[in-house]
Structures are given as C-alpha cells and as structure tokens.
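Participant: First the structure, which I've put down as structure tokens, then a few questions once you've had a look.
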Amino acid sequence: MSAADPMLRLDGVTKRFGGFTAVDGVGFDLPRGAIGGLIGPNGAGKTTLFNALAGLVPPDSGRVELDGAPIHGLTPNRVFAAGLARTFQIPRPFPEMSVLENTMIVGANQAGERFWMNWVAPGRVSTEERALRAKAEEVIEFCGLTRVRGDAAGTLSGGQLKLLELARVMMADPKIILLDEPAAGVNPTLMASLVDKIKALNARGQTFLIIEHNMDVVMSICDPIFVMAQGRLIYQGDAAGARAEPAVLDAYLGDLP
Amino acid sequence: MIGVLSYLIFFLILALTLGVAVLGLNLQWGFTGLFNAGVAGFLAVGGYAMAMLTGPSRAAVFGGFELPFVVGLLGAMIASGLAAIVIGLLTIRLRHEYLAVATFGIAVTIQLVCVNWEPVTGGTLGLIGIPNPTKAMVEGSLAQNAIYLAIVLIVTAIAYTGLQRLVQGPWGRTLKAIREDETAAASLGKNPVRIRLEAFVLGCMLMGLSGALYVGFIGYVSPFDFLPIVTFQIWTMLIVGGSANNRGALLGALIVWGVWTMSGFFIARVVPPEWQAQSGAIQAVLIGLILVIVLLFRPRGLIGEEIHVSRHARSAPADARPEAP
Ligand SMILES: Nc1ncnc2c1ncn2[C@@H]1O[C@H](COP(=O)(O)OP(=O)(O)OP(=O)(O)O)[C@@H](O)[C@H]1O
Ligand SMILES: [Mg+2]
C-alpha cells in the first residue's frame, strides 16, 4: 500500500456521545484509486465514522485529510465541496421531488444556484440546466432508474432508494465516494450490477470507501479492508489477511448470541 | 352596474395586494418550510416606509420626503428586506416552532413600536395624506381605482414571474431539498443557512411591497392595520390556495379575501346592530372554518405542489414510462 500521497488520511479520529466512545482513535490511509472496505459488527462505529468524516457529527479529536487538505471541522456542505460525497445507510431522498430532480440537485456549481442569476442570466441558467439534465439522465440510466425517473422519490422501493443515493453522489464527480451499505436491501441481480457499476467507476479512477456487511461483495471488490469493532480499528490489510486475523474472527464471533 | 364594477375593482386591488404578501409567504413556507408567524410585521415595515418616503412633510413627524410612488415601493422592499436580514440572522437557526414563536413576537413588537414611536410613526393616529399617484392622473374615483388596479396587476405579474423563474430553477430546487431533508441537502453541498436566509429575506421583501401597495392605495397608515389577524388571513390564503404553488397562492388570496369581504357585507345587513361590534370576530371564525375544511378535505390546498421543479425536467419523464397496467 502506498504510504505517500493517499486520497484519504485519518489520524486519531474520535467521536464520543456522552460517555460512550463510538469512534475511538481511528487512523488509516486510503490510497488514490482504491476501493476501501470498512467492515465490522453492528454498532462498531462505521456509520459514525462516515458521519464524522462528512462533517455531520464533527469529530471530538483527530485529523482528516482529503487529497492533502484538512477537512475535519468543516460543515457538511464544505466537506462536499472539498470532494467527499457520501450516501446514507438509511436513504434520505427528497420524497416530494421526482427521481430526476433528486438527481439534478447535485449540479456542478450551476449559476442558477445563486438566486439573482435566474433573473439576470436566464439563458445561461437554462443552458446549464439542460446540460445537467442530460447528465442526470445518464447517471439515472447507469443506476437502472430510468423507468421511475418521473416518479416522486417517496414512492420508490428500498432497493431503488439505495440506487438513488448512489445516483446522487455520482452526479458530483467527487474525489472520494463513501457508500454506507450500498447492497443492503438490493436484490441479488441488482447487487451484481451494482458491483459492476462500482468497478466500472473505479476503472475510471474513482476512489471509494464502502461499508458493507455482504462479505461476497467486500471480498470481491475491496482492497484494502479496514475492520472496526467497538469503535476501534482492529485490522487493516487485504482480504485474505482479514480472514486469518484472530481479532477479526473474535469480533464477529463475539457478535453471535 | 357601475356600483358593482367599482366594488369589483376595489376588491381586486386589495385581494391582489394581499396576494403579493401570500406569494412572499409561499416562498418562505411553501418552498422552504420557514414558519413565519410575523407576516403582519413585515407588511407594517413596508407600509410605514411607504408613508415616510412618499408622504407630505410635517413638522411633528420625521419623514415625509414626498418622493415618487415607485421610490416608495422600492424603499418599502429595501426596508423590509433589511429588517428581514437582521431578524433572519438572529432567528434563522431557530427552526420550526422556534422560528414561529420568534417571528410572532417580532411582529407584535413592530406593531407596538408603530403605536408608540410617535415622532416617526405618528403613534396611534398613524400617518395620513399619503398621495395616491392615480389622483394626479385622472378625475373620478372609478378611473383612479382602475389605474391603481392596473398598477397592482403589473406589480403582481412581475412578482409572480420573478418567483416562477426562481422556483423553477436550481435555486428553487435547492429550497425544496432543504425543506424536505436539510441534512441530505447539506451532505450534497447545499448551504442550508444561506439559502434559508435568502428565501426569508426575499419573502419578507414581498410582504413589505404588499404593505406599501396597501398604504399607497388607502392613503394613510395606521398601526391597527397590522394586527396578528392579518398574519392569520395571509396564512389561510396560502393554505387554501395551495402551498408551494404560486398560482395557488394568488387563487387563495382571491378566494379568502372574497369570503372575508362578502361575509362582512352580509354581517352588516343581517346581524342585529347590537352584535355588529363582533362582526370582525364572526369573520375571523368563518375564515378559520374555511381553513379547517380545506385542511380536512384538501390538505394540499386547491392547487397543490407539483413534483417537478425545473422547467427542464418537466415534460419528458412521462414519455419513458410504460402505460400502467
Ligand atoms: N447520535 C448518536 N447519539 C448517541 N449514540 C449514537 C449516535 N449515533 C450512533 N450512536 C451509537 O454509536 C454506536 C455505533 O453506531 P454506528 O451507527 O456507527 O454503527 P455501525 O457500525 O454503522 O453499525 P451497523 O453495521 O449496524 O450500521 C452505536 O452503539 C450507536 O448506538
Ligand atoms: Mg451503520
């Protein structure tokens, strides 16, 4: 693993809720262009770590660097602007808006995001809006949502909502995409195509960090793998090493009744 | 016949004037989910700004700059916009019910200031003699009112068109996204605080414009024109017409103002004299009744929200859909 110039660098990231430490001094490097896998038993602190990286629950301590620039302590919209886009484990669509508009919400610095430009430069706003729509249609196609793109997002199924989460972050062309359990609730056929999609994006250079419980998915596409248990990082390395590591087995077996 | 016509013109002037404020509230509540319970306060700021800028100069009262009508309208928007920036910066992080309580309190405060700050507002007497620009143009109140209606129609059309431009573009889409899920919107790069403040200020500017049109028409301003009942009326107009739909906002203004004035008319005729003092309360109860009926049977209003925001996202999606079985 290249130690120099990682895409994402975590150092001692800690998040407490009251007296409970949900993320406890997590530090690792994720190389550029990698698909990192973040696994661990339920309640290990994976989603909380994502929330801390994305600025949703700012870490109590520790540093986070994205492409060399510090992003810890930034608000979520600033983190996004810096190039980190994330999906939610429990999808958060804009239910009263169509799938197309849910996707178009992510525009690359559209002039029309500033209200006065809609009055002073309506032509430019329209041109950009058409281009954005064309891009959104492509991404929606890529995510297999074309049939429902005119429907209100609130009417989608659980699996479709997962795909919509993916579509929205794909619109951003971010430096890194954080996916929180993209395969959960998605049927096996779709899951296979989802894996293909992630691979295809990765082949174009897209860096990922993925939380996933489905071990087939993790083992087939993720390298390196990071294992968390009780807030701590207990393993990092390749898939084969994770299987052999006693602490990892312990964490998972300890999880069983 | 002339009587009906002149009454209709009078009715439309007031209904559309209030409609401008309903458009402002629609931007705040309908599109952004900001609960502004202090609409009357922003109408007051606009109305008093109009009176000060265009009214006759008087020794006892500050203001009376005798500026043109249009300057009065613009000044009213600027004044209410500035008030909204200050109030918005103080309260915009207060969400939902907190914002409602805060804005309600602010509106009451503004009204009390109008009552008590005599050197500027003229106190309980208000400010009189605000020139209606149509008086200098033609003779006869029918023609004057017809011209004023034309002015109000033009202002309403500009406000409506300008708002449609906004809410059907990227900015409007962001408003809705923030309304529906602020956390998700922020995670997708939107700055909820900035966008909410912008919507709040623009909406309040329309309320100020509405207040100015009102004062310019009736020719005086009184603190008792901006009691909380006005906020209630404007809210009812929005809910009845259809939140998050600008056509609905205007339709609601026409319908609710119609019910309000007609009920006033009938109360004056049928209610015994000793009850006349309560006529305002009877009207308010009627409006409340309409509100409840709409909320029960048509919770999204007469014309509700459309799921497509962008002009450029509307037409096509249907064509790709297979026919429902
Ligand atoms: N906002 C919060 N306030 C208090 N406790 C929280 C909060 N968010 C998470 N936690 C706690 O932090 C711990 C880690 O939760 P987290 O959601 O990060 O787990 P996870 O690893 O994503 O689990 P899963 O695989 O089930 O999604 C849990 O015990 C949870 O109850
Ligand atoms: Mg989780």
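The values are calculated or read from the model by the stated rules, or taken from the named source; none is laboratory data. Every value quoted in this text rests on a predicted model; they were computed, and no experiment measured them. No Cβ is skipped: glycine too gets one built from the backbone with ideal geometry, and neighbour counts run over all protein chains shown. Calculation scope for accessible area: heavy atoms of the full protein, side chains included, ligands and nucleic acids excluded. Shrake-Rupley method; radii C 1.70, N 1.55, O 1.52, S 1.80 Å.
Participant: For a test of the definition: using alpha carbon positions, the gyration tensor, and the 1.5 limit on a/c, classify segment B:119-178 as rounded, prolate or oblate.
Facilitator: oblate
Participant: Using 7 Å Cα-to-Cβ label points, what is the A:ALA81/B:SER141 separation (nm, one decimal)?
Facilitator: 5.6
Participant: Round to the nearest 10 and give me the degree value, 0 to 90, for the angle of helix A:122-142's Cα axis relative to the longest principal axis of chain A.
Facilitator: So the inclination is approximately 50 degrees.
Participant: For segment B:1-58, which chymotrypsin sites (Phe, Trp or Tyr not before Pro) are both in a DSSP coil and crowded by at most 15 other Cβ atoms within 10 Å?
Facilitator: Those that pass, being in a loop and sparsely packed, number zero.
Participant: Which whole number gives the average, over all residues in B:157-169, of C-beta atoms from other chains lying within 10 Å of the residue C-beta?
Facilitator: Averaged over the peptide's residues, the number is 3.
Participant: Computed over the Cα atoms, what is the radius of gyration of the protein assembly as shown divided by 2.2 N^0.38 Å, N being its residue count?
Facilitator: Normalised Cα radius of gyration, the protein assembly as shown: 1.17.
Participant: Can you order the peptides A:15-26, B:157-168 by their average number of other Cβ atoms within 10 Å per residue, highest first?
Facilitator: So the peptides A:15-26, B:157-168, ranked by packing, come out B:157-168, A:15-26.
Participant: Right, next: Nearest 100 Å² is fine: what is the total accessible surface buried where chains A and B meet, probe 1.4 Å?
Facilitator: Looking at A and B, the buried total is near 3700 Å².
Participant: Per-residue counts of other Cβ atoms within 10 Å, averaged by peptide: what ranking do you get for A:241-252, A:41-52, highest first?
Facilitator: Order by mean packing, descending: A:41-52, A:241-252.
Participant: Moving on. Can you give the FRET efficiency to the nearest 0.05 for B:LEU82 and B:GLU274, using r as the Cβ-Cβ distance and R₀ = 30 Å?
Facilitator: Between B:LEU82 and B:GLU274 the formula returns 0.05.
Participant: So what is the 222 nm mean residue ellipticity for chain A from helices alone, if each DSSP H run of at least 4 adds -39500 (n - 2.57) and you divide by all residues, rounding to the nearest 500 deg cm²/dmol?
Facilitator: Calculated mean residue ellipticity at 222 nm is -11000 deg cm²/dmol.
Participant: May I ask for the distance between the Cα centers of segment B:201-224 and segment B:1-40, given as a whole number of Å?
Facilitator: Using only Cα atoms to place each centre, the spacing works out to 11 Å.
Participant: Which FRET efficiency, nearest 0.05, do A:ASN109 and A:ARG16 yield, Cβ-Cβ r, R0 45 Å?
Facilitator: 0.80
Participant: Which entries in A:LYS175/B:LYS176; A:LYS15/A:LYS199; A:LYS46/A:LYS199 show an alpha-carbon gap greater than 25 Å?
Facilitator: A:LYS175/B:LYS176; A:LYS15/A:LYS199
Participant: Using a probe of 1.4 angstrom, how much of the accessible area of segment A:65-190 is carbon and sulfur, in percent?
Facilitator: That fraction is 56 percent.
Participant: Right, here's the next one. Work out which helices of chain B, taken as complete DSSP H runs, extend at least 18 Å along their axis over the Cα atoms and score a mean Kyte-Doolittle of 1.0 or more, then list them.
Facilitator: What comes out of the filter, once short or polar helices are dropped, is B:2-25, B:39-54, B:69-91, B:96-116, B:141-167, B:192-218, B:228-241, B:246-270, B:279-297.
Participant: Based on the Cβ-Cβ distance of A:ASP5 and A:ARG130, what FRET efficiency does E = 1/(1 + (r/R0)^6) give at R0 = 45 Å, to the nearest 0.05?
Facilitator: 0.75
Participant: Work out how much length A:TRP119 to A:SER157 would gain on full extension: take 0.36 nm times their residue separation and subtract the Cα-Cα distance, in nm to one decimal.
Facilitator: So the extension gain works out to 9.9 nm.
Participant: Per the Kirkwood formula on distinct C-alpha pairs, the Rh of segment B:12-225 is how many angstrom?
Facilitator: About 17.6 Å for segment B:12-225.
Participant: If you take every DSSP beta bridge whose two residues both sit in the protein assembly as shown, what share of them, in percent to the nearest 5, is antiparallel?
Facilitator: Of the beta bridges lying entirely in the protein assembly as shown, close to 60 percent run antiparallel.
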